[in-house]
1. Looking at region 172-183 only, could you name the residues that are surrounded by fewer than 23 Cβ atoms within 10 Å (Cβ to Cβ) and under 13 Å from Val221 (Cβ atoms)?
2. Read through the list (1) loosely packed, with under 12 Cβ neighbours inside 10 Å; (2) at pLDDT 90 or above; (3) over 29 Å from Met1 (Cβ atoms); (4) not basic (Lys, Arg), then give the number of the only condition that Glu210 fails.
3. Looking only at region 155-189, count every residue that is farther than 23 Å from Asp101 by Cα, in contact with a Gly (Cβ under 6 Å, 6 or more places away or on another chain) and small (Gly, Ala, Ser) and tell me the total.
4. Across region 19-51, what is the number of residues that are open to solvent by less than 50 Å² (accessible area, probe 1.4 Å), at pLDDT 95 or above and of a type outside the set (A, V, I, L, M, F, W, C)?
5. Can you pull out the residues in region 213-240 that are touching a residue at least 60 places away in the same chain (Cβ under 8 Å) and crowded, with 19+ Cβ neighbours inside 10 Å?
6. How many residues are of a type outside the set (Gly, Ala, Ser) and open to solvent by less than 50 Å² (accessible area, probe 1.4 Å) when one looks only at region 64-76?
7. Tally up the residues in region 77-105 that are under 13 Å from Arg32 (Cα atoms) and surrounded by fewer than 16 Cβ atoms within 10 Å (Cβ to Cβ), please.
8. Mind checking which residues of region 75-108 are within 14 Å of Val7 (Cβ to Cβ) and part of a loop (DSSP other than H, G, I, E, B)?
Amino acid sequence: MYDTLLVPLDGSTFSERALPLAVTLAQRMQARIILLHVISAPVFPGGDTVEAERQTGEEAQVYLAHLASTIAAEGLHTETTLAYGQAAESILLEIKSAGADLVVMCSHGRSGLGRWIFGSVAEQVLAHSPVPVLLVRPTGEPVALGPESAQPALLVPLDGSPLAETALPHAATLARAFGSTILLLRTVEPSMLAYHYSLRDLAQESLRNEQDEAKAYLDAVAEHLRGDGLLVQTLVLIGWPSDVISYRGATLGPRLVIMATHGRSG
């Protein structure tokens, strides 16, 4: 499913956190890796723009060549490319020109942890990329994928919509490649009726019905995936989706969260 992996880099150790996972994916899927460095050379007033870009470009070529040789030593086909301009725009253009079918990048780059993904280059790429984007956290233990006996590695949040289900083929691809278990998660939002004492019983009954419907839905999806030989578990939790996925979901021990950028609300 993934033949060409695009890895945008900015020369920082943060951005390089995406490399180990990209290499592992490429090895399992026999894909090629393209390392992209977008150059934006700062020039002081009165400075030589052409000379600044030339020098920065040469440094970037040396940087990419070193990383590419290290990756190639592991038997992978690796290419490098430079681009000039705005980072997000250049990455999106390279996706199309290189025919990439997966972008692997860190959620933070040269600006470090002081700048959240929202409003950053990663967020812009995630919002506008025509292909899936795999975001790697800049801190903590490196992502490692492989068969596991105790906890599922792949968490797939679903809301019952066809849009959300577009993440399933990607989860299946990764599960097959790494022998991992998929955990299907659906959240049921608590009703505002629960805050009215006189309607509390009605709210609890409504919540139980929604939980039963959510479980039946997940069981049907899981059965379909199991028919393809995949290991699948299901879980229904109560709460607001974003909180459940980012906080409670994290305690379940998944290595990757695989979800569509859009769901029931379009």
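The values are calculated or read from the model by the stated rules, or taken from the named source; none is laboratory data. The model shown is predicted, which means the values in this text are computed figures rather than measured ones. All Cβ positions, even for glycine, are placed from backbone atoms using ideal geometry, and neighbour counts span all protein chains on display. SASA here: full protein model, heavy atoms, side chains in, ligands and nucleic acids out. Shrake-Rupley method; radii C 1.70, N 1.55, O 1.52, S 1.80 Å.
1. Across region 172-183, the qualifying residue is only Ala172.
2. For Glu210, the failing item is (1).
3. So the count comes out to 1.
4. 0
5. Leu218, Val221
6. Summing the residues that are of a type outside the set (Gly, Ala, Ser) and open to solvent by less than 50 Å² (accessible area, probe 1.4 Å) in region 64-76 gives 4.
7. The total comes to 3.
8. Leu76, His77, Ala100, Asp101, Ser107
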